[in-house]
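Below you'll find the structure, written out as C-alpha cells, and then a few comments.
The values are calculated or read from the model by the stated rules, or taken from the named source; none is laboratory data. Quantities reported herein were computed from a predicted structural model and do not represent experimental measurements. Heads up, the Cβs are rebuilt from the backbone with ideal geometry, glycines too, and the neighbour counts pull from every protein chain shown. Heads up: the accessible areas ignore ligands, DNA and RNA and are worked out on the full protein's heavy atoms, side chains in. Shrake-Rupley method; radii C 1.70, N 1.55, O 1.52, S 1.80 Å.
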Amino acid sequence: MALHLGLTGGIGSGKSLVGRFLMELRGVLIDSDAVSRSVTAAGGAAIGPIRDTFGPDFIDAAGAMHRARMRTLAFSDPTARGRLEAIIHPLVQQASEAQARAAEAAGAPLLVFDIPLLVESGRRIAQFDRLLVVDCSIETQIARVMARNGLARGTVEGIIASQASRAQRLAAADAVLFNDGIPPEALRAQVHALAGWLGLPAVSSGDAGVTGPAEPL
C-alpha cells in the first residue's frame with residue numbers, strides 16, 4: 001500500500017522543486033497544477049463549462065482558458081473564483097484519482113499529491129497519511145513570483161492574501177521544509193532526510209547530487 005503524502009505551500013515557496021526531489025526518492029508526483037492546466041487547455045474538459053459560465057471573452061484565440069483575464073477576474077471577485085473552482089476542482093480530482101490508482105497498481109511506494117490550496121480545502125487533508133508543507137517568508141514569495149511570472153507586486157500580494165496564511169499551513173503540517181535563502185542542493189538534502197519518515201530507503205548523495213548535510217526540518 002503506497003503512502004499518500006499531501007504536499008503544499010504558498011505560491012513561490014518552492015513546492016514544485018520539492019516535488020521533483022521527492023521523485024528522486026521513488027515517489028510518483030501527482031501535480032494538481034499540471035492537471036488543471038490540462039483541463040483548461042484547448043480541448044480540455046473545462047473549456048465548454050468555462051465558456052458557458054463566463055462567456056467567450058474568457059477563451060483565448062487558441063481555444064484555451066484566457067489565463068490573464070481569468071486571473072484578474074478571480075482575484076477581484078471571490079464569487080467568480082468560486083464558480084471557476086466549482087468547474088475545475090472536480091475535474092482535477094477525478095484525473096488525480098485516476099493517476100493515483102494507476103501508480104498504486106504499478107507498485108509505487110509513495111504518492112505525492114502536489115496541491116497548492118490543500119489547507120484551504122479543509123476536509124481534503126484527511127485523505128492523506130502525512131502532510132508536508134514548504135515554507136518561506138512572504139517577502140521571498142513576492143520576490144520569486146515577480147521574477148518568475150513578471151507580475152506586479154500588488155498582484156502577487158493579492159494572490160498571497162487569497163491563500164491560507166503561513167500560520168494556518170504550519171499548524172496543519174506533519175513536517176515542514178523551510179526554503180528561504182538556501183541553494184537547491186540544501187533543499188534537496190532536506191527532502192532526502194525525510195526518506196525514513198516516509199518509510200523509504202535513503203538515496204545516496206552520489207545518486208542524488210547532494211553536496212552538503214541536511215538542513216534542520
Sum -39500 (n - 2.57) across every DSSP H segment of at least 4 residues in the chain, then divide by the residue count to get the 222 nm mean residue ellipticity, nearest 500. -15000 deg cm²/dmol
What net charge do the residues around PRO90 carry, taking every other residue with its C-beta under 14 Å from that of PRO90, with Lys and Arg at +1 and Asp and Glu at -1? 0
Equivalent ellipsoid semi-axes for the stretch 83-151, as square roots of 5 times the alpha carbon gyration tensor eigenvalues: give them largest first, rounded to whole Å. 27, 17, 13
Give me the percent of accessible area attributable to carbon and sulfur for the stretch 66-217, probe 1.4 angstrom. 55 percent
Full-extension gain in nm, ARG81 to ALA143, via 0.36 nm per residue minus C-alpha separation: 19.9 nm
Net charge within 11 Å of ALA173 by Cβ-Cβ distance, Lys/Arg positive one each and Asp/Glu negative one each, not counting ALA173 itself? +1
On full extension of the chain, what length is gained from ARG67 through ASP52, given 0.36 nm per residue of separation minus the C-alpha to C-alpha distance? 3.8 nm
Suppose every Lys and Arg Cβ carries +1 and every Asp and Glu Cβ carries -1, with no other charges. What dipole size does the chain come out with about its Cα centre, to the nearest 20 debye? 320 debye
[x] 27, 25, 15; [y] 31, 21, 15; [z] 35, 25, 15, with the label sought being that of the calculated semi-axes √(5λ) of the Cα gyration tensor in Å: [y]
So, counting K/R as plus one and D/E as minus one, what does the shell of residues with Cβ under 11 Å around ASP135 add up to? +2
R0 = 30 Å: FRET efficiency of ARG26 with ARG101, Cβ-based, nearest 0.05? 0.95
Stretch gain in nm, segment GLN168-ASP60, where the contour uses 0.36 nm per residue and the Cα spacing is subtracted: 35.3 nm
